[in-house]
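Working notes, structure below.
The numbers here are math on the coordinates, done by the rules we state, and not lab data. Note that the coordinates shown come from a computational prediction; the quantities given were computed from them, not determined experimentally. All Cβ positions, even for glycine, are placed from backbone atoms using ideal geometry, and neighbour counts span all protein chains on display.
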Amino acid sequence: MTDQAGSGRFAYSVTIETRHVHHRPADSRIIPSRVARVRVQGTATPTRYYQAETTKPYDDVLAELELAITEQNFRITGHNKIGSVIRKRENIDFPDYDTIQFCNLTQARQMLEMSPAAVIHMPCNIAVRSEGGRVIVTTHLLPVDSPNEKLNQFARVMNAKLRKIVDFAVE
């Protein structure tokens, strides 16, 4: 995909890795879901995302996200219900879109002591959307390619927690 911004031209390449996740609803059917890792590269540092999708009910995914976030010892600091606010304000049919922000102050402090510039990655954020009969859950992953190996190791641990949270919600 190519985007023109101002006088510059930015090229982005996206790589998606997928694996299948199955969940078992109350009626005991196994429904496949898709998990994707998305990496966007451009002229700046690549942004990495982890994404999974499911056919579970939207509200169930949100409830399980909140549970998984607290199980990983994070505190929810914000929840924006974008889709429902647009539906209510505009009085139109509009799909569900939510973002959930969360943080663990002990881990945030550790990361900031390693790199004050890492504040850009806080708080953690998960986006949830309803699209084509599916619920799609996406999170930013922390970069693991900095010159600071201690920070990279911290990011790998955090990314594993973020993936676990997303996977729990869609399984």
*asked:* Quick one: 3J(HN,Hα) in Hz for the stretch 107-115, Karplus 6.51/-1.76/1.60 with θ = phi - 60°, rounded, Gly and Pro as x.
replied: 5, 4, 4, 4, 5, 5, 5, 7, 7
*In a shell of Cβ-Cβ distance under 13 Å around Asp59, excluding Asp59 itself, what net charge do Lys and Arg (+1) and Asp and Glu (-1) give?*
-3
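Efficiency by 1/(1 + (r/R0)^6): what FRET value for Ala63 and Ala108, r their Cβ-Cβ distance, R0 = 35 Å, to the nearest 0.05? Each step should come with its number before you reach the end.
Values: r = 25 Å, r/R0 = 0.72.
The calculated FRET efficiency here is 0.90.
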*Residues with beta-carbon under 10 Å from that of Gln72, excluding Gln72: net charge, scoring Lys, Arg +1 and Asp, Glu -1?*
+1
*Run down the aspartates and glutamates and flag those whose C-alpha is under 20 Å from the C-alpha of Lys56, throwing out any fewer than 8 positions away in its chain.*
Asp27, Glu64, Glu66, Asp96, Asp98, Glu131, Asp167, Glu171
_Sorted peptide list for 145-157, 125-137, criterion being average Cβ within 10 angstrom, highest first_ = 125-137, 145-157
_Applying a 10 Å radius around every beta-carbon, put 100-112, 158-170, 51-63 in order of their mean neighbour count, most first._
158-170, 51-63, 100-112
